[in-house]
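Working notes for the structure below.
Readers should treat all values here as calculations from the given coordinates under stated rules, not as data from a laboratory. Quick caveat, the model's predicted, so the values are computed rather than measured. A quick note on method: Cβ atoms are made from the backbone with ideal geometry, for glycine too, and the neighbour counts reach across all protein chains shown.
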Amino acid sequence: MKYDNPHMSEHSPRMGNKLSRGVGSLGLKLIGWKLKGRMPDAPKFIILGVPHTSNWDAVAASLAMLASGFKYTFLIKKEWFFWPMGPLFRAIGGYPVDRGKGQNVVEQLTALFDSEDKVCVGFPPEGTRSLVKKYKTGYLRSAYAADVPVFICAFDGQNKEVVLDRLMPLTGDMKIDNAAIKAYVDDNWVGVHPERQK
């Protein structure tokens, strides 16, 4: 599938069609949000939706991805993949993970990255919409294990924009990288509810 889209790069994972992109664009207009920036020219990466302070930023991000035709994968407990929810979740990018005792989610994500030519996995690293002092590190453990970069998708709450921002440099030191990524987000982006950010 080829189409002109300023937000997509040559190697971006893609999904949908003209109709689904139109629905996403209309949805963004109705809630008053816009999409800015460009996806990295990488076939596999982890995308962080930050700062995650409201349900509205998640709604805006989903509509923005639909409008652009970008395909991102998000994690859902495997127990939710019952009929008819399972086919629906898979159609919109859901990926079942087994969080049971003795199961390693990082290994499951590494297998996902290994099995696909193009794949992007989305994480809200706060793990909550409430104030946190540091991000959870599952996204970094997955990035290191799968040897994929981390990309920032920022929620600019003041201007109501979903901003495809930048790849973050990684050192391989989880404590340093996690702190640097949160500091970058806090210094450059203000979410829908700033009081929940820092």
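List of remarks:
- Given +1 at the Cβ of Lys and Arg, -1 at the Cβ of Asp and Glu and no other charges, the dipole of the stretch 18-188 around its Cα centre is 460 debye to the nearest 20.
- Springs between Cα atoms under 10 Å define the GNM used for the chain, and in it the highest mean-square fluctuation of ARG99, ARG38, ARG166 occurs at ARG99.
- Look at the dipole of the stretch 18-188 built from charges on Cβ: of ILE31, SER62, TYR144, the Cα furthest out on the positive end belongs to ILE31.
- The calculated pair-distance distribution of the stretch 1-105 uses every alpha carbon pair, bins of 10 angstrom beginning at 0, and gives 13, 39, 36, 11, 1 percent.
- Size descriptors for the stretch 18-188 (Cα atoms only): Rg and Dmax, in that order, 15.8, 45 Å.
- Note that the stretch 91-99 has calculated 3J(HN,Hα) couplings of 5, 9, x, x, 10, x, 10, 9, 9 Hz, one per residue in order, obtained from phi through the Karplus relation 6.51 cos²θ - 1.76 cosθ + 1.60 (θ = phi - 60°); glycine and proline are x.
- Over 27 Å (Cα to Cα) - which of LYS29/LYS182; LYS44/LYS134; LYS36/LYS198 fall in this group: LYS29/LYS182
- Calculated FRET efficiency, VAL97 to ASN188, Cβ-Cβ distance, R0 = 30 Å: about 0.50 to the nearest 0.05.
- Cα→Cβ-extended label distance, 7 Å offset, between SER115 and MET15, nm: 1.4
- Mean-position separation - Cα centroids, the stretch 1-70 and the stretch 79-125, in angstrom: 19
- Contact order for the chain, expressed relative to its length and based on alpha carbon pairs under 8 Å spaced 6+ residues apart, stands at 29 percent.
- Gaussian network model of the chain, springs between alpha carbon atoms under 10 Å - residue of GLU79, GLU161, GLU126 with greatest fluctuation: GLU79
- Debye intensity ratio I(q)/I(0), log10, the stretch 146-187, q values 0.23 Å⁻¹ (C-alpha model): -0.82
- Listed residues LEU88, LEU112, LEU131, most fluctuating in the chain (Gaussian network, C-alpha, under 10 Å): LEU88
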